[in-house]
Amino acid sequence: MAGKGKYFEDLVGQLYRLIDNAGGHTANDALGEAIEAARDRMFRQAREARDELREKLVNKTKAERKDWLRNRDDFPREPSKDGPSVVTAAIDPETGITKAGVNHRSNKPHPYGGCAEDDALDRINAERQKLGKHPLGRHQVYYSEALRIDTGSQMPICNRNCQEVSDPKQYPPGTEPMQPGRWTDPNRTDIPGGVE
Ligand SMILES: [Zn+2]
């Protein structure tokens, strides 16, 4: 097996030298940049899905938005009292499945659930189930910034739910968190990390 180990060492060495020579910087830098580029692509794809859904809902009345959610083809659900007002999208890094979502009436124990992010993830998991794949958690997908449907302005990531179950690196750089909240609290190191 010593020979095989040497073969792989040589191969890895060659790859690192290739990357170094090609980019004029270290292999670790190149890998870091590749990861960032992949993340950027996912954020762009999520924003497209989010904007498409906002476009569909922006000119609907409150009652029409509620009806739309109750009758949605792939994932009908009960609207909150004021109906959908926030939209976002999530992307599954494993399959690339990208789904938009809206705020809704939560059937999870208070204070969790009900966010547009939860809706997007539920729709992703419904597709994953069809592929025979296990459901993902909130800390395992990437998201766009959330927008208010009416104005298109950014809705800060909520402190009661989203900040507790996901990490800033799952959102585009500069995404605003509600304050105070876990993301900006230096004493909060007790929550499982997000996606790598
Ligand atoms: Zn939230």
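Is it the case that G114 is without any contact (Cβ under 8 Å) to a residue 40 or more places away in the chain, crowded, with 16+ Cβ neighbours inside 10 Å and either in contact with a His (Cβ under 9 Å, 6 or more places away or on another chain) or not charged (D, E, K, R) (or both)?
no
Are any residues in region 62-105 within 21 Å of Q129 (Cα to Cα), in a loop (DSSP other than H, G, I, E, B) and not hydrophobic (A, V, I, L, M, F, W, C), and if so, which ones?
N71, R72, D73, D74, P76, R77, D92, P93, E94, T95, G96
Mind counting the residues in region 155-171 that are aliphatic (A, V, I, L, M) and farther than 14 Å from A116 by Cα?
Residues flagged as aliphatic (A, V, I, L, M) and farther than 14 Å from A116 by Cα within region 155-171 amount to 0.
Being among the basic types (K, R) and near the ligand (Cβ under 9 Å from one of its atoms) is the filter here; which residues of region 142-166 pass it?
R160
Within region 128-150, how many residues turn out to be of a type outside the set (G, A, S) and assigned to a loop (DSSP other than H, G, I, E, B)?
9
Name the residue that is farthest from the ligand (Cβ to nearest atom), counting only residues in region 108-127 that are in a loop (DSSP other than H, G, I, E, B) and under 18 Å from R50 (Cβ atoms).
Top of the filtered list is G114.
No value in this document is a laboratory result; all are computed from the given coordinates. Since the model is a prediction, treat every value here as computed from it, not as a measurement. Methodologically, a virtual Cβ is constructed for each residue, glycine included, from the backbone with ideal geometry; neighbour enumeration extends over all protein chains shown.
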